[in-house]
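The values are calculated or read from the model by the stated rules, or taken from the named source; none is laboratory data. Everything quoted here is computed from the prediction, not taken from an experiment. Positions of Cβ are generated from backbone atoms using ideal geometry, with glycine treated the same way; all protein chains shown enter the neighbour counts. When the accessible area is computed, the model is the full protein with side chains, heavy atoms only, and any ligands, DNA or RNA have been set aside. Shrake-Rupley method; radii C 1.70, N 1.55, O 1.52, S 1.80 Å.
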Amino acid sequence: MSRGSTLRGMSDVQTDLFGSPPGGSPERHRLFFAVMPDENARHCISRVAGLVEQQHADIHPRWIRAERYHATLNFLGEFPMYPEDIVRKARAAGENLQASAFSWTLDYVASFRGHQPPCVLRSTVVPKSFMTLWQSLNTALVYAGLQRHVDHQFTPHVTLAYGRRELPGVTPITPFTWHVERVVLIHNAIGQGGYQLLGSWPLST
């Protein structure tokens, strides 16, 4: 797919005069940049989720569907209506993003603290290229006029589930490598089904 194009079948949301999709609007819209796994990496993530389910059923997790696996690069926010202006600027940031593809090796599962603690897949070593990608996206967001939406911290991870309690500790897994080759812009209309991909931009090789 060419840089800046929208995935087939995932075109712009048609909105009414109030900026909401016709036929009624979900109460909240989330918008974020992310990297999403290819088929091989998604299979590996699903396998890890299955192992965690076998070993830690006592946390009573609510599992993320495999088609929603991703690592968030920047959370642009949650909005009461579809944020057309922010989407337009975010797409401009995607067009101007300059970063290289890289490999990311994930090797352990742990929990973040919080309400319904997320069970997450992480890496002992975060590739320098991953941090460079995040910084480059922040720069592109500033140039696109979205400086208020720049994240100031970044902890690369893939959420597997939300539990009623935290995992008892770090759980090592057999390492696998995910080849990160593109960045996507995702719209999530809460309670309305799957993610909508608003844009996809390949990283240079």
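Could you compute how fast the chain diffuses translationally, taking Rh as the Kirkwood radius over C-alpha pairs and applying Stokes-Einstein at 37 °C with viscosity 0.692 mPa s? Give it in µm² per second.
Values: Rh = 17.9 Å.
The calculation lands on 184 µm²/s.
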Quiz item: Rolling a 1.4 angstrom probe over the protein heavy atoms, how many square angstrom per residue are accessible across the chain?
Solution: 53
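Taking all protein chains in place and a 1.4 Å probe, what share, in percent, of the accessible surface of the chain do carbon and sulfur account for?
Working: 5440 of 10940 Å².
About 50 percent, which is the carbon plus sulfur part of the accessible surface.
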Practice problem: Please find, in a Gaussian network model of the chain (springs between Cα atoms separated by less than 10 Å), the residue of Gly145, Gly50, Gly169 whose mean-square fluctuation is greatest. | Solution: Gly169
Quiz item: How far, in degrees from 0 to 90, does helix 128-143 lean away from the longest principal axis of the Cα atoms of the chain, to the nearest 10?
Solution: 20
Self-check item: Simple Cβ-charge dipole of region 40-176, Lys/Arg +1 and Asp/Glu -1, about Cα centre, in debye nearest 20
Solution: 60
Self-check item: Tyr143, Tyr82, Tyr108, ranked by accessible area, largest first (probe 1.4 Å)
Solution: Tyr143, Tyr108, Tyr82
Self-check item: Candidates Thr132, Thr174, Thr72: whichever shows maximal mean-square fluctuation once the chain is modelled as a Gaussian network with Cα springs under 10 Å
Solution: Thr174
Quiz prompt | Size-normalised alpha-carbon gyration radius of region 88-160, reference 2.2 N^0.38 Å | solution = 1.28
Exercise. Quick one: what are the phi-derived ³J(HN,Hα) couplings along region 169-174, Karplus 6.51/-1.76/1.60 with θ = phi - 60°, whole Hz, x for glycine and proline?
Key: x, 6, 10, x, 10, 5
Practice problem: Evaluate E = 1/(1 + (r/R0)^6) for Arg68 and Asp151, where r is the Cβ-Cβ distance and R0 equals 22 Å; express this FRET efficiency to the nearest 0.05. | Solution: 0.65
